[in-house]
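First the structure, in the form of structure tokens, and then the observations on it.
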Amino acid sequence: MNHPQRMTRTLACLVASMTIGALCLQMMKPHHPAPPTAMDRLMAVDKAWESIQVDAEPLDKTVNPDQSHFLVYGNGDWEQTASWDARRPVGPRPVVRISLLAPAGSRKITHAQDATTRKLVHQLQKACRIADERIKWDSTLNLPRPPAAS
């Protein structure tokens, strides 16, 4: 067999094997990967944070989202602020700040807020490698259960 025929046969075998390999990989791929959840996005942490601070923000004043990284509403919904998106500290120290939005003139937190905040703190703690003793709960919060029970 001459050189051009051998080259043609080699290239044809290579194309066939690559096509079969691609088809096999396509068949093994999951059909509908789940979109990333909000908690999954937390895992993309690229800054060293030293602690987590949980405070209440009474709704009788205007809440400034630039003073917090996360806002937790009374119904348990939460959102991350532009400060967290930019991984920017809101004070002089690299502290993750979580604000619980409480009714006007109150520091009482709902069960939904409590549950959501504990999950959020746990995920942040894992993602940022923050020790238990570095999590600070505002002592004036009226929590459904003490933070040590989490």
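The values are calculated or read from the model by the stated rules, or taken from the named source; none is laboratory data. This structure is a prediction, so every number in the text was calculated from the model and none was measured. Side chains are part of the model used for accessible areas, which takes the heavy atoms of the whole protein and leaves out ligands, DNA and RNA. Shrake-Rupley method; radii C 1.70, N 1.55, O 1.52, S 1.80 Å.
Taking all protein chains together and a probe of 1.4 Å, list M7, M18 from the most accessible to the least accessible.
M18, M7
Show me, for the range 123-132, the HN-Hα J-couplings you get by feeding each phi into the Karplus relation (A = 6.51, B = -1.76, C = 1.60, θ = phi - 60°), rounded to Hz, glycine and proline as x.
5, 5, 4, 5, 5, 9, 6, 9, 6, 3
Enter the accessible area of T8 (Å², nearest 10), with the probe set to 1.4 Å and all protein chains included.
90 Å²
Under a 1.4 Å probe, what is the accessible area of the range 92-132 per residue, stated in Å²?
The answer is 49 Å² per residue.
Full-extension gain between K29 and K119, please, as 0.36 nm times their residue separation minus the C-alpha to C-alpha distance.
Answer, rounded to one decimal: 29.3 nm.
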